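J.: The structure is given below, and queries will be raised subsequently.
Just so you know, all these numbers are worked out from the coordinates, no wet-lab data involved. Just so you know, these numbers come straight off a predicted model, no measurement behind them. In this analysis, Cβ positions are derived from the backbone assuming ideal geometry, glycine residues included, and neighbour counts consider all displayed protein chains.
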Amino acid sequence: MTVMAIQDLRQNYTPEPIDPEDLLGNPFDQFLAWFEDAKAAGILEPNAFALATAAADGTPNARTLLLKGVDETESKDRGLVFYTNYNSIKGAELAANPRACMNIYWDTLARCVRIPGTVTKVSAEETAGYFKSRPRESQLGAWTSHQSSVIDGREDLMLKFFQLTEEYPDDTPIPVPPTWGGYRVVPTSFEFWQGQPSRLHDRLRYTPDGDSWKIDRLSP
């Protein structure tokens, strides 16, 4: 069987170039506008993103998560929210070094957004509100999995899940696990990337400038 060499895999990007004058003044608004475009384009999970963290010794790590909220209220702590197990590898890394970088890629649109920032836990009330909105099976799953821990096999995982379904029968409220909750990434900048022909891509970066944002074009 003939397999194409990895170095021969190429995509020629042809979208219209970005004019900084067409960008919204606030990067949160621009992100939400692009997010709506991604939804309209039929991307399966437009809220999927890669989260990069680093341990206290500087060792990097990355994984794919789902974005679950973008704050609407203007404040210095405005950010983007995701949920996970606080005792996971990412939780331990964020406890040691509360900085991260989000990278979200919408392939159909040849667009990417990179968002570095500081990370804080959301309030218990915010976590509880989101947890209650989750499907019941997902609530039980949060109790079932001690995320990132070594397990003997999937059978043990499923046995614990079925035991929990008996402990919390239908219509029985399921409490929030004490080791589970949300994080908020408070951006220090936003970078919007749009693929262009000849690899001369558009890169527009927002950085704080007093009470507003400065937009710079970066070389690709």
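J.: Taking the criterion of being in contact with a Cys (Cβ under 9 Å, 6 or more places away or on another chain), buried (at least 17 other Cβ atoms within 10 Å of the Cβ) and aliphatic (A, V, I, L, M), would at least one residue in the range 183-193 satisfy it?
T.: yes
Residue-by-condition table, conditions (1) touching a strand residue (DSSP E or B) at 6+ places or on another chain (Cβ under 9 Å); (2) surrounded by fewer than 16 Cβ atoms within 10 Å (Cβ to Cβ); (3) of a type in the set (Val, Ile, Thr):
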site: Gly117; (1), (2), (3): yes, no, no
site: Thr120; (1), (2), (3): yes, yes, yes
site: Glu125; (1), (2), (3): no, yes, no
site: Ser138; (1), (2), (3): no, yes, no
site: Ser148; (1), (2), (3): yes, yes, no
site: Ile151; (1), (2), (3): no, yes, yes
site: Asp156; (1), (2), (3): no, yes, no
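J.: Please determine whether any residue of the range 23-41 is in a helix (DSSP H, G or I) and more than 18 Å from the chain's Cα centre (by Cα).
T.: Checked the range 23-41: at least one residue is in a helix (DSSP H, G or I) and more than 18 Å from the chain's Cα centre (by Cα).
J.: While we're on this one: Within the range 168-198, how many residues turn out to be of a type in the set (Val, Ile, Thr) and without any contact (Cβ under 8 Å) to a residue 24 or more places away in the chain?
T.: Within the range 168-198, residues that are of a type in the set (Val, Ile, Thr) and without any contact (Cβ under 8 Å) to a residue 24 or more places away in the chain number 1.
J.: Applying the selection to the range 205-220, what residues are free of Cβ contacts under 8 Å to residues at least 24 places away in the same chain and either surrounded by fewer than 12 Cβ atoms within 10 Å (Cβ to Cβ) or in contact with a Phe, Trp or Tyr (Cβ under 9 Å, 6 or more places away or on another chain) (or both)?
T.: Within the range 205-220, Arg205, Thr207, Asp209, Gly210, Asp211, Lys214, Asp216, Ser219 qualify.
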